[in-house]
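S.K.: Provided herewith is a single structure, encoded as structure tokens, for subsequent inquiry.
The values are calculated or read from the model by the stated rules, or taken from the named source; none is laboratory data. Please read these numbers as outputs of a predicted model, since none were measured by experiment. Methodologically, a virtual Cβ is constructed for each residue, glycine included, from the backbone with ideal geometry; neighbour enumeration extends over all protein chains shown. For the accessible areas, the whole protein counts, side chains as well, though only heavy atoms, and no ligand, DNA or RNA atoms are used. Shrake-Rupley method; radii C 1.70, N 1.55, O 1.52, S 1.80 Å.
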Amino acid sequence: MELQERLDDVRARIAVAERDVGRAAGSTQLVAVSKTFDAEQIRPAIAAGQRVFGENRVQESQGKWPELKAETSGIELHLIGPLQSNKAAEAVALFDVIETVDREKIARALADEMKRQGKSPRLYVQVNTGLEPQKAGIAPDDTVAFVALCRGELGLGIDGLMCIPPADENPGPHFALLAKLAKSCGVEKLSMGMSGDYELAVAFGATSVRVGSAIFGTR
Ligand SMILES: *Cc1c(COP(=O)(O)O)cnc(C)c1O
């Protein structure tokens, strides 16, 4: 299959998943995860009308996205990988959505940079729903207080929550937990679901799914 066909297939499956659970058509945003692929490999997706992309490394993104953004208007770039506070300036400068806010130090660094640059990328808090030690994200039990700290003391707008369920578990309960936490926090956006489980994530209320290999091929 060509990239265009794979992209159409993913879009069609999202539409079916939305219809199956009675959600509005188009209520799920498709974030095409282009990590490890270079500008030449990303251009066909842009030509096919895709405008929303996800990357997991700041430095890798700096090597391709300034050029791609300059070529086409309306590109929306999401940071979906762990962020170090020494990269906060670069992240604020390049990304439109930062999905991986998960500790006070990074939240403070982002708040400072946003003020300095006069830029306001939309922010999501990453939740470690499986409490995996090697994985980034705030613990589920600490999420409500952390979102309140970001909004209150730091004055940050938090639009959503994001999670990456453990690879070897049924993702359903993790998606359900994230949806429940979002309600408790009063946030509207839910970033969950990848190539293997995005249709299930739509059923659990994902407002965006992050799909890489099903669109771009294996990495
Ligand atoms: C790589 C990545 C994805 C996409 O994974 P695929 O299985 O290729 O769809 C989604 N979310 C995050 C955080 C990732 O790092």
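S.K.: Out of the residues in the stretch 175-197 that are open to solvent by less than 10 Å² (accessible area, probe 1.4 Å) and not in a loop (DSSP other than H, G, I, E, B), state the one that is farthest from residue 56 (Cα to Cα). Break it down stepwise before answering.
M.R.: So the first thing to find is which residues in the stretch 175-197 are open to solvent by less than 10 Å² (accessible area, probe 1.4 Å), and the list is 175, 178, 182, 191-193.
Keeping just the survivors that are not in a loop (DSSP other than H, G, I, E, B) gives 175, 178, 182, 191.
Values: 175: 21, 178: 20, 182: 23, 191: 14 Å.
Among those residues, the one meeting the criterion is 182.
S.K.: Here is a further query. Among what's in the stretch 13-38 and is within 20 Å of the chain's Cα centre (by Cα) and in a helix (DSSP H, G or I), pick the residue that is farthest from residue 189 (Cα to Cα).
M.R.: That would be 13.
S.K.: Report, by residue number, each residue of the stretch 87-114 that is in a helix (DSSP H, G or I) and of a type outside the set (Gly, Ala, Ser).
M.R.: 87, 90, 92, 94, 104, 105, 106, 108, 110, 112, 113, 114, listed by residue number.
S.K.: Tell me which residues, restricted to the stretch 104-148, are under 19 Å from residue 180 (Cα atoms) and aliphatic (A, V, I, L, M).
M.R.: Initially, the stretch 104-148 is screened for residues under 19 Å from residue 180 (Cα atoms), giving 123-131, 137-148.
Within the stretch 104-148, 123, 125, 127, 131, 138, 139, 144, 145, 147, 148 qualify.
S.K.: Quick check on this structure: which one of 54, 49 is outside any strand (DSSP E or B), closer than 29 Å to residue 5 by Cα and either touching a His at 6+ places or on another chain (Cβ under 8 Å) or free of Cβ contacts under 8 Å to residues at least 60 places away in the same chain (or both)? Walk me through it before giving the result.
M.R.: Numbers: 54 fails: outside any strand (DSSP E or B).
Being outside any strand (DSSP E or B), closer than 29 Å to residue 5 by Cα and either touching a His at 6+ places or on another chain (Cβ under 8 Å) or free of Cβ contacts under 8 Å to residues at least 60 places away in the same chain (or both) holds for just one of 54, 49, which is 49.
S.K.: In this structure, does residue 165 turn out to be open to solvent by less than 30 Å² (accessible area, probe 1.4 Å), touching a strand residue (DSSP E or B) at 6+ places or on another chain (Cβ under 7 Å) and touching a residue at least 12 places away in the same chain (Cβ under 8 Å)?
M.R.: Against the criterion (open to solvent by less than 30 Å² (accessible area, probe 1.4 Å), touching a strand residue (DSSP E or B) at 6+ places or on another chain (Cβ under 7 Å) and touching a residue at least 12 places away in the same chain (Cβ under 8 Å)), residue 165 does not qualify.
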